[in-house]
1. Please indicate, with yes or no, whether at least one residue in the range 255-262 is crowded, with 24+ Cβ neighbours inside 10 Å and either under 19 Å from residue 187 (Cα atoms) or in contact with a strand residue (DSSP E or B) (Cβ under 6 Å, 6 or more places away or on another chain) (or both).
2. Check 23, 14 and return the single one that is surrounded by fewer than 24 Cβ atoms within 10 Å (Cβ to Cβ), more than 25 Å from residue 147 (Cα to Cα) and within 14 Å of the ligand (Cβ to nearest atom).
3. So which pairs qualify, if the first residue must be in the range 16-27 and assigned to a loop (DSSP other than H, G, I, E, B), the second must be near the ligand (Cβ under 7 Å from one of its atoms), the Cβ gap must be under 9 Å, and the two must be at least 6 apart or on different chains?
4. Being within 22 Å of residue 271 (Cβ to Cβ) and within 11 Å of the ligand (Cβ to nearest atom) is the filter here, so list the residues in the range 26-59 that pass it.
5. Is the range 56-78 home to any residue that is in contact with a strand residue (DSSP E or B) (Cβ under 7 Å, 6 or more places away or on another chain) and without any contact (Cβ under 8 Å) to a residue 60 or more places away in the chain?
6. Can you name every residue in the range 38-55 that is touching a residue at least 60 places away in the same chain (Cβ under 8 Å), within 21 Å of the chain's Cα centre (by Cα) and outside any helix (DSSP H, G or I)?
7. Which ranges mark the helices (runs of 4 or more DSSP H) fully within the range 214-307 that have 1 or more residues being farther than 22 Å from residue 32 by Cβ, in contact with a helix residue (DSSP H, G or I) (Cβ under 7 Å, 6 or more places away or on another chain) and at pLDDT 95 or above?
8. Residues that are free of Cβ contacts under 8 Å to residues at least 12 places away in the same chain, at least 2 per element: which helices (runs of 4 or more DSSP H) completely within the range 103-202 meet that?
Ligand SMILES: [Mg+2]
C-alpha cells in the first residue's frame, strides 16, 4: 500500500535538505570545482553535519499538526509554524536559522489576526519555493483534494503559481506511490492531470518547460528560490539520474537554493527509489532522525485511518 511510503519520502526530503544546508547560496561554478559528495557540516550557517532547515521543519510541523488534530486544521498548522519560527520547535538545536520572507510574512499575518487560508502573500513576487518545500505530507493522504492542497500552500504562498506548483508536485508523488512507471511517465501523467484541472488558467504557461520536457540543458536551469526554477531543477535532476544518491547530490550541486532543491528532489527520489536506497550513513548523521521516523509512523497510521 502506498501509505507505507511516508518514511521514504519524508526522510528523503530531510536528507536532501541537510545535504544542501552547508552550501546554500553557493554558486554552481564553485560546486563544480568542489562538489558536495557526503553529509557535511558548517559552511553557510555554521551548523553541524546533518542539520536540517526550514524545509524539513515546516514539513514535520505540518505532519505533527495533522497527527495531533487527527485531520487538517489550518489554524493549528499555523500555530505550529509560529512555534517553529518563534521558539525553534521542530529544529534540532532549538534554533530557527533560515526562513523566507514570504513565509514569515504569512505566519505573522496569521499571528496578527489574518484568517489562516488568507494569510499568505498572493503577489507575483510571492512565488518563492516556500510552500512547495513543505507540501509533501499531503501526498500520503488518500483522496486529498486540490482545494485543500491550494489552501495549505496559501497559508504562506497564496499566488496561483505556487498553488499549481504544489498540486503538480503532489500529483507526481501520488503517481509514484500508486503506479509502477518510469520517472518520465510519472511526470507526464501528473502534468496531464494538472493541464486538465487548470485548463484555461493563464498560469499554466509558466510550467511549459516542464510540460514540454524542455529541461535537458543544465545551463538553462536556474536553481534559484523562484518556485518554477526550483521545480525545473528538481525535474532535471530526477530525469538525469537513476538512484537516490545521485539525484540529491545533483540537486545540491546545482548551487544557489541547494537545501530546498535538495529537499524537494529528495522527497520524490525517496518515494521513487525507496527508503532502503537512502545511504544509511547519511541517515545516521542526522541528529533527532529517530523522532522524525516516529512521526512518519504516526502519520502513516493517520493516513491509514483515512482509507
Ligand atoms: Mg532551507
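1. Checked the range 255-262: at least one residue is crowded, with 24+ Cβ neighbours inside 10 Å and either under 19 Å from residue 187 (Cα atoms) or in contact with a strand residue (DSSP E or B) (Cβ under 6 Å, 6 or more places away or on another chain) (or both).
2. Answer to the selection: 23.
3. Sorted first by the residue in the range 16-27, then by its partner, the pairs are 24/53; 24/98; 24/259; 24/260.
4. Hits for the range 26-59 are 52, 53, 54, 55, 56, 57, 58, 59.
5. No, the conditions are met nowhere in the range 56-78.
6. Passing the criteria: 38, 39, 49, 50, 51, 52, 53.
7. Hits in the range 214-307: 227-239, 258-273, 280-283, 289-306.
8. 183-197
The values are calculated or read from the model by the stated rules, or taken from the named source; none is laboratory data. All values reported here derive from a predicted model rather than from experimental measurement. With ideal geometry, Cβ positions are generated from the backbone for all residues, glycine too; neighbour counts draw on all protein chains shown.
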